[in-house]
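Colleague: Quick one: the structure is below, questions incoming.
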Amino acid sequence: MEQFNLNGAGTSGTAFEKQLCREIRLSPHHYLRMQEVLTVQIYSGNITRKSDAYPLFQIEATKVDRVYDMLLKKGVAPL
């Protein structure tokens, strides 16, 4: 997994990912961990739609939605 910080020094995350973390006030560590969990669950068939991901995290559903949407853009998540 790529690691990045919010100040731009020594980063490898995309500008979109950095912006997303700032917008939803989620640390890059938590964002990357959410992406990892979602990706594993998607490929194992446990997540077939966005709402399936909500019970996996103790965080606002809107934040899960935004991370899931990023996986959609990357072609990982199903519509």
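Colleague: Under 17 Å from the Cα of residue 74, which aspartates and glutamates turn up, not counting those fewer than eight places away in the same chain?
Modeller: 2, 17, 36, 65
Colleague: Quote the charge dipole size of the stretch 15-74 about the Cα centre in Debye, to the nearest 20; the model charges only the Cβ of Lys and Arg (+1) and of Asp and Glu (-1). Walk me through the numbers before you get to the answer.
Modeller: Details: 10 positive and 7 negative charges, 29 e Å.
Dipole size: approximately 140 debye.
Colleague: Residue by residue through the stretch 15-31, which ³J(HN,Hα) values in whole Hz follow from phi under the Karplus form 6.51 cos²θ - 1.76 cosθ + 1.60 (θ = phi - 60°), with glycine and proline marked x?
Modeller: These are the phi-based 3J(HN,Hα) values: 4, 5, 5, 4, 5, 4, 4, 5, 5, 9, 6, 10, 5, x, 4, 5, 4 Hz.
Colleague: Residue farthest toward the positive end of the dipole of the stretch 15-74, with Cβ of Lys/Arg at +1 and Asp/Glu at -1: which of 59, 38, 24?
Modeller: Checking the options against the dipole of the stretch 15-74, the answer is 24.
Colleague: Another question, then. Neighbouring Cβ atoms within 10 Å as the yardstick, rank 37, 67 fewest first.
Modeller: On the way: 37 15, 67 25.
Neighbour counts put them in this order, fewest first: 37, 67.
Colleague: Turning to a different aspect of this structure: Rounding to the nearest 20 debye, state how big the charge dipole of the stretch 40-79 is about its Cα centre with +1 on each Lys and Arg Cβ and -1 on each Asp and Glu Cβ.
Modeller: On the way: 6 positive and 4 negative charges, 27 e Å.
Computed about the Cα centre, the dipole is about 140 debye.
Readers should treat all values here as calculations from the given coordinates under stated rules, not as data from a laboratory. Note that the coordinates shown come from a computational prediction; the quantities given were computed from them, not determined experimentally. All Cβ positions, glycine included, derive from the backbone under ideal geometry; neighbour counts span all protein chains shown.
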